[in-house]
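Encoded as structure tokens, the structure appears first; notes follow it.
The values are calculated or read from the model by the stated rules, or taken from the named source; none is laboratory data. As the structure is a computational prediction, the values presented were derived from the model and not from experiment. Note that we place each Cβ from the backbone using ideal geometry, even for glycine, and neighbour counts take in every protein chain shown. All accessible areas refer to the heavy atoms of the entire protein, side chains included, with ligands and DNA or RNA removed. Shrake-Rupley method; radii C 1.70, N 1.55, O 1.52, S 1.80 Å.
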Amino acid sequence: MGRSRRTIPEELLLLALDPATGTTAQPQSLDLGLAGAQLVELALAGRIAPDGDRIAVVMARPTGDPTLDSALELLRRRGSPVRAVHWIGGPRLGLRQTYLNHLERCGMVHAVAGQMCGVLPTTRYQATETAISREIRTRLDNAIRTGVPPDPRTAALAALAHAVGLGKHLYPGNEGRSSRSRLRDLIRHDPMGGLVAHAVMDVQNGVGAQPRRAPGPGSGSGARTATARTTADATGVPGQSRRHGHSSMARVGAR
């Protein structure tokens, strides 16, 4: 897969980056969205395909993108199709930072070191290739406002943006209500994007995060809610000066 085309995880992260603060909107759900965006990108590259609510590897040949290939290899090692909700709900330690580092190496963002309360180190990210960010946003705006069915990449990006809660970030206030509604409706235009977006929302809502078991004592809503807890490295908070690089993808797995 050539590098002339930006991947959906990269585009989702650029959409989430706030130009005013240098932080990412919806950081915890964004981590889930990036994991889902990897699945969509691998599907578009012909490496995986949906099998009901599961994901099956159909071609194990590397794409040439190290972050995607690490995810593809982990999926291949499973040996059998994995439920999308289990993959997305798995550990995501450093995934967002890996993509931020990648965008920085590509010259699309610039890391700005700072301090919180004059003591705690922080790192914020400013977009340097603003034309790229504008082009991504224009594609999304056109899909929302024209009513013309978008291409699969834009449809999947819209579905993931809705799933991680970027609607209020992209189209705020009462004036953005209709745009947020149409953003949600775009989920139906790409089957893989829709599958992954629903899985992202299911993980956030604690639905299907664990294999089904027979009901037993104490199997109430509290137990189900606990399965939805995920750990994320928040961008722009204390301690965000680490650099994971592509090696961090080795820790990305599936339940």
Worksheet item: Just one of the numbered conditions (1) under 19 Å from Leu44 (Cα atoms); (2) in a helix (DSSP H, G or I) is not true of Thr63; which one?
Response: (2)
Worksheet, complete the sentence: Taking first residues from the range 141-161 that are under 14 Å from Glu11 (Cβ atoms) and second residues anywhere that are among the basic types (Lys, Arg), the pairs with Cβ under 6 Å that are 6 or more apart or on different chains are Thr154/Arg139
Discussion item. Where the second residue is among the basic types (Lys, Arg) and part of a strand (DSSP E or B) and the first is in contact (Cβ under 8 Å) with a residue 60 or more places away in the chain and open to solvent by 10 Å² or more (accessible area, probe 1.4 Å) and lies in the range 76-87, which pairs have Cβ atoms under 8 Å and are six or more apart or on separate chains?
Written reply: Arg83/Arg54
Worksheet entry | Scan of the range 97-113 for residues that are surrounded by 13 or more Cβ atoms within 10 Å (Cβ to Cβ) and more than 25 Å from Arg153 (Cα to Cα), ordered by number | His110, Ala111
Item to complete: Note down all Cβ pairs under 8 Å where the first residue falls in the range 164-191 and is open to solvent by 60 Å² or more (accessible area, probe 1.4 Å), the second is of a type outside the set (A, V, I, L, M) and in a helix (DSSP H, G or I), and they're at least six residues apart or on different chains.
Response: Lys168/Gly176; Lys168/Arg180; Arg182/Arg145; Arg184/His162; Arg184/Gly167; Arg188/Gly194; His189/Pro152
Worksheet item: When the range 88-117 is examined, which residues are found to be outside any strand (DSSP E or B), touching a residue at least 40 places away in the same chain (Cβ under 8 Å) and small (Gly, Ala, Ser)?
Response: Gly89, Gly90, Gly94
Practice prompt. Please indicate, with yes or no, whether at least one residue in the range 46-55 is surrounded by 17 or more Cβ atoms within 10 Å (Cβ to Cβ) and part of a loop (DSSP other than H, G, I, E, B).
Written response: yes
Practice prompt. Just one of (1) within 25 Å of Leu166 (Cα to Cα); (2) open to solvent by less than 20 Å² (accessible area, probe 1.4 Å); (3) assigned to a helix (DSSP H, G or I) trips up Gly22, so point out which.
Written response: (3)
Discussion item. Arg77 - would you say it is among the charged types (D, E, K, R) and either assigned to a loop (DSSP other than H, G, I, E, B) or over 23 Å from Thr154 (Cβ atoms) (or both)?
Written reply: yes
Worksheet, complete the sentence: Just one listed residue, out of Asp69, Asp65, is surrounded by 17 or more Cβ atoms within 10 Å (Cβ to Cβ) and free of Cβ contacts under 8 Å to residues at least 12 places away in the same chain, and it is Asp69
